[in-house]
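Chemist: The structure's right below; bear with me while I get my questions together.
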Amino acid sequence: MSVARRLVIHGRVHGVGYRDAAVQSAFVHQVAGWVRNRNDGTVEAFVQGPPDAVARYVEWARRGPPLARVTAVDVVDAEPDQALRHFEWRPTE
């Protein structure tokens, strides 16, 4: 069974290696999806996989990499995307 979540991460998350760390964390947690910077200064991510793995990834997102200062993470349930097989960077939107 696969679940999916869309995340919007707020705080000091641009220019601190958040996206690189997000890709590494996805590999560690064995989830698929994507991450991108947004023009409003947040980072957006879509993550899917087994429920426990997705929950661990969301907890990681609340901390982020060492230089990040996460102030909030908006989490919304989403429909899994069966076409996603790995985790990738996406262009800024």
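The values are calculated or read from the model by the stated rules, or taken from the named source; none is laboratory data. The shown structure was predicted, so the numbers you read here are calculated from the model rather than taken from an experiment. Because the Cβ atoms are built from the backbone with ideal geometry, glycine has one as well, and the counts that use them run over all protein chains shown.
Chemist: Within the set of pairs 6+ apart or on separate chains, which have a first residue in region 1-21 that is at pLDDT 95 or above, a second that is part of a helix (DSSP H, G or I) and aliphatic (A, V, I, L, M), and C-beta atoms under 6 Å apart?
Modeler: Pairs found: V3/V54; R5/V54; L7/A61; I9/A61.
Chemist: Turning to a different aspect of this structure: Look through V47, V23, V35, V70 and report the one residue that is assigned to a strand (DSSP E or B), in contact with an Asp or Glu (Cβ under 8 Å, 6 or more places away or on another chain) and within 21 Å of E93 (Cα to Cα). Even if it seems obvious, please write down each step before you answer.
Modeler: On the way: V47 fails: in contact with an Asp or Glu (Cβ under 8 Å, 6 or more places away or on another chain); V23 fails: assigned to a strand (DSSP E or B); V70 fails: in contact with an Asp or Glu (Cβ under 8 Å, 6 or more places away or on another chain).
Answer to the check: V35.
Chemist: Next up: Kindly evaluate R63 against the criterion of being at pLDDT 95 or above, more than 11 Å from the chain's Cα centre (by Cα) and on the phi < 0 side of the Ramachandran plot. Break it down stepwise before answering.
Modeler: Details: at pLDDT 95 or above: yes; more than 11 Å from the chain's Cα centre (by Cα): yes; on the phi < 0 side of the Ramachandran plot: yes.
In short, yes.
Chemist: Every residue in region 73-90 that is among the charged types (D, E, K, R) and either within 19 Å of V3 (Cβ to Cβ) or not in a loop (DSSP other than H, G, I, E, B) (or both), please. Write out each step before concluding.
Modeler: Step one: list which residues in region 73-90 are among the charged types (D, E, K, R), which gives 74, 77, 79, 81, 85, 88, 90.
The answer is D74, D77, E79, D81, R85, E88.
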